[in-house]
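Novice: I'd like to ask some things about the structure below.
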Amino acid sequence: MSRYLNMSSLKILSLAALLTVSMGSGVAMAKDTVKDKGVGHYGYGKSATAEEIAGWDIDIRPDGRGLPAGSGSVEDGEMLYEDKCASCHGSFGEGVGKYPVLAGGQDTLTEERPEKTVGSFWAHTSTLYDYIRRAMPFPQPESLSDEETYAITAYVLYLNDLVEDDFVLSQETWDEVAKLPNNPNFVPDPRPDTHAKRCMSDCKKEVKIVSEPTISAEEVAAADDTVVKAAAGNEEGAGVYNGACAACHNLGVAGAPRLGDTAAWKARIAQGEETLIKHALEGFQGDAGMMPAKGGRMDLSDEDVTAAVKFMLVESK
Ligand code: HEC
Ligand code: HEC
């Protein structure tokens, strides 16, 4: 995820710079023009024009939305890369000195010192295009044309063995390379949102924070037993349950109905199996909390999740 943090901190930096500039000139504007009295809460500045917004609105989404017209080939990219990038990133993307490595590093992510490159770690080609266009070459950011950026992006993909040497990158070919090899290993964060309500009246004057164990050692042991015992009936469902659902449903984390807690499941079961399966597949926001789609494990098939639900229902009747 550091990729996204990196990108957004870049954006925040540029935004801060933009604000400083526009605030400064905004003061002068407010004095000079009677008509434009300034906008917003403090009456400073002016509304950005469509043209100004277009200048800053250059991000590209993973699916290619936001890509400019034009194209660029691996062949053209090679010369441009050699000229503008190789001095720091190396002719093969191997990195010169301490400059970042852009290619290679496959199968190193589980090692103690993983080599995180475009080919081994990054999730989306949009990040690559956007990063190069916005920030590279390091000494002359935003100096590349759209076509040059296409060509160099294509070449970096080529250095990672992701395209052939006759590949041309454009809006038309985007889908072929939009997702980078490590993409499936980026998963949605399954932790549910908290639903804290702010107190507006009759609030407690003093809040004492105490910590009490809510689950006894016996209950933990019992929950473990339940899983072992159940595996006999529907082994596939039990397996999925143990791997993807038990973290919340064994002990009732974050409002999840506990496995085997017939009282907690009675009304749910009354909705019918179909509804419960649908809720497990698509996610479900109830009064108790948030059931993430597939328990946050989007890698599971619909059949896996269905088997897990069936297992849970048998155990909780
Ligand atoms: C003068 C040296 C220099 C040149 C020339 C240069 N870069 Fe970089 N590049 C850097 C540095 C330094 C970073 C790390 C910046 C950071 O992390 O803030 C970087 C980061 C990158 C990254 C992100 C790497 C990662 O894994 O985080 C990419 C992709 C990249 N450069 C591509 C290019 C391309 C393409 C060119 C040519 C158009 C280029 N760079 C030219 C110095 C350079
Ligand atoms: C991050 C915690 C979490 C994980 C992981 C999780 N659940 Fe849930 N689940 C919940 C919560 C919370 C609810 C209760 C939502 C409510 O009713 O407010 C719930 C409810 C359910 C329900 C009842 C839905 C209904 O309509 O009453 C089913 C069925 C279910 N989960 C199945 C699964 C399956 C199958 C898995 C694993 C593939 C799974 N859950 C993984 C938190 C989780």
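The values are calculated or read from the model by the stated rules, or taken from the named source; none is laboratory data. Values in this document were obtained by computation on a predicted structure and should not be read as measured data. Cβ sites come from the backbone with ideal geometry, for glycine too, and all protein chains shown count toward neighbours.
Novice: When you go through (1) more than 22 Å from residue 236 (Cβ to Cβ); (2) touching a Phe, Trp or Tyr at 6+ places or on another chain (Cβ under 6 Å) one by one for residue 257, which number turns out not to apply?
Specialist: Only one criterion in (1) more than 22 Å from residue 236 (Cβ to Cβ); (2) touching a Phe, Trp or Tyr at 6+ places or on another chain (Cβ under 6 Å) is unmet by residue 257, namely (1).
Novice: Another question, if that's okay. Please go through region 229-252 and pick out each residue that is in contact with a helix residue (DSSP H, G or I) (Cβ under 7 Å, 6 or more places away or on another chain), modelled with pLDDT under 85 and either acidic (Asp, Glu) or in a helix (DSSP H, G or I) (or both).
Specialist: The answer is 230, and nothing else.
Novice: Here's a follow-up. What residue, among those in region 100-148 that are small (Gly, Ala, Ser) and assigned to a loop (DSSP other than H, G, I, E, B), is nearest to residue 187 (Cα to Cα)?
Specialist: For region 100-148, the residue satisfying everything is 123.
Novice: State the number of residues belonging to region 263-310 that are more than 31 Å from the chain's Cα centre (by Cα) and surrounded by 12 or more Cβ atoms within 10 Å (Cβ to Cβ).
Specialist: Selection size over region 263-310: 6.
Novice: Please pick out the residue among 131, 155 that is in the same structural domain as residue 88 (by TED's automatic domain parsing), surrounded by 16 or more Cβ atoms within 10 Å (Cβ to Cβ) and either at pLDDT below 95 or under 17 Å from residue 70 (Cα atoms) (or both).
Specialist: Sole residue among the options that is in the same structural domain as residue 88 (by TED's automatic domain parsing), surrounded by 16 or more Cβ atoms within 10 Å (Cβ to Cβ) and either at pLDDT below 95 or under 17 Å from residue 70 (Cα atoms) (or both): 155.
Novice: Of the residues that sit in region 86-130 and are hydrophobic (A, V, I, L, M, F, W, C) and over 20 Å from the mean Cα position of the chain (by Cα), which one is farthest from ligand 1 (Cβ to nearest atom)?
Specialist: For region 86-130, the residue satisfying everything is 92.
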